[in-house]
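Participant: The following block contains the structure, expressed as structure tokens.
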Amino acid sequence: MTARWAVLLVLCLGLVAGCGKNTVKEEVRDDMRDARADAMSGWDKLGERWVNYKAGADRDTIMVTASEGRFSRIALKCEHSGLELFDVEVTFGDGDKFSPRTRLIFTEDTRSRVIDLPGGQRVIRKVEFRYKNLPRGGRAQLELWGK
């Protein structure tokens, strides 16, 4: 086995191990379910992020490209475990920022309220969030949806 293949194998095994209790097959099934919801609801899944569970609060970002479109509302969905969400900051395509008042406690497989964005339909560049896992919780996956 060449060194390149060995590195690829280690990365793939790390990815599978990093998915928490979900297998790659379960994650593919989850993505297919999200695609069906996307097609039927009028909401677009803009991205998702497995959040790390560290002792204190942590910060992550979901990057969104202009090719995703323009949106006037967003919502968040938490899967696989619970988490406490402290802050959300939306950065638009023109560099403007919006921080809706948020302090949400998600249990496994719950959604946030719909958050109206200022200024009508806008391109979203990224959404940053600060969170911490709930006690005795596993890894959570946070999804960003837009309409």
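The values are calculated or read from the model by the stated rules, or taken from the named source; none is laboratory data. In this text the structure is predicted, and so the values were computed from the model without any measurement. Don't worry about glycine lacking a Cβ; one is built from the backbone with ideal geometry, like all the others, and counts go over all protein chains shown.
Participant: For segment 97-111, what are the residues that are loosely packed, with under 15 Cβ neighbours inside 10 Å, part of a loop (DSSP other than H, G, I, E, B) and free of Cβ contacts under 8 Å to residues at least 24 places away in the same chain?
Facilitator: Residues satisfying the conditions are 99, 101, 103.
Participant: Checking the conditions here, which among 114, 90 is among the β-branched types (Val, Ile, Thr), buried (at least 19 other Cβ atoms within 10 Å of the Cβ) and under 13 Å from residue 75 (Cα atoms)?
Facilitator: 90
Participant: Specify the residue that is surrounded by the most Cβ atoms within 10 Å (Cβ to Cβ); the eligible residues are those in segment 117-132 that are more than 14 Å from residue 62 (Cβ to Cβ) and of a type outside the set (A, V, I, L, M).
Facilitator: 122
Participant: Identify all residues within segment 54-108 that are among the aliphatic types (A, V, I, L, M) and within 26 Å of residue 135 (Cβ to Cβ); write none if there are none.
Facilitator: Passing the criteria: 55, 57, 62, 75, 76, 83, 85, 88, 104, 105.
Participant: In addition: Taking residue 29 as the residue in question, decide whether it is surrounded by 11 or more Cβ atoms within 10 Å (Cβ to Cβ) and modelled with pLDDT under 85.
Facilitator: Taking the combined requirement at face value, the residue satisfies it.
Participant: So, one more: Name the residues in segment 61-77 that are within 28 Å of residue 136 (Cβ to Cβ) and either at pLDDT below 90 or polar (S, T, N, Q) (or both), would you?
Facilitator: 61
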